[in-house]
Amino acid sequence: MDLDKILKEAQESGQTQKYSLRSVDSIEEDVRVALLKMLDRGAKPSGSLRKALLEREHPVEIVDQVISRFIEVGLIDDYALARELALSMSTRKGKAKGLISIELREKGFSKDAIDEAIAEIDADSELEAAKVLAVSRMSRMADLDNDVRSRRVAGYLSRKGYASNVVWAAIRFATDSLVK
């Protein structure tokens with residue numbers, strides 16, 4: 001990292017007092033320590049880490065360099081974290097691929113990491129998860145009219161991100177299994 005370049009950019013942006021007396025190594029160490037503290041609280045995607053560091057007014061070049069190094073040594077792994085979160089959202093929370101994709105994008109994951117993470121969720125497992133949710137939800141509404149139950153479960157599954165064909169297939173399955 002070129003100290004003259006950083007000082008020139010800091011002067012242009014009006015941050016000369018903050019950076020003029022410090023070496024690049026000192027600034028880099030501050031970024032490294034801040035990044036380690038963030039990662040100590042839990043794994044996060046590189047996009048949100050970068051945003052948080054830039055909000056603390058660290059120089060862009062140094063932030064990018066430190067994050068790249070952390071990715072290189074495996075301290076930050078967006079792909080593994082995205083897969084883990086997608087699996088958790090799918091199995092524990094019963095969310096569909098579309099909603100998982102939106103939530104991962106909001107967390108700051110790259111499109112490639114999201115695509116790889118949701119690729120592991122197939123249509124059959126999504127339908128099975130919707131069936132389980134529909135049976136569970138419908139069984140709790142046994143005292144209601146069948147149409148009311150169906151509408152409420154359809155709304156519930158839609159909020160979980162399931163497509164309408166999956167929603168109604170799951171409702172038919174739940175209705176048939178509860179009648180028997």
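Close contacts from the stretch 94-106, counting a first residue that is under 20 Å from L127 (Cβ atoms) and a second that is among the hydroxyl-bearing types (S, T, Y), with Cβ to Cβ under 6 Å and a gap of 6+ residues or different chains, come to A96/Y162. Is there a residue being basic (K, R), outside the structural domain of V24 (by TED's automatic domain parsing) and in a helix (DSSP H, G or I) anywhere in the stretch 158-166? Within the stretch 158-166 (the criterion being basic (K, R), outside the structural domain of V24 (by TED's automatic domain parsing) and in a helix (DSSP H, G or I)), the answer is yes, since at least one residue qualifies.
The values are calculated or read from the model by the stated rules, or taken from the named source; none is laboratory data. If you're wondering where the values come from, they're calculated on a predicted model, not measured in any experiment. Reconstructed Cβ throughout: ideal geometry from the backbone, glycine too, with neighbour counts over all protein chains shown.
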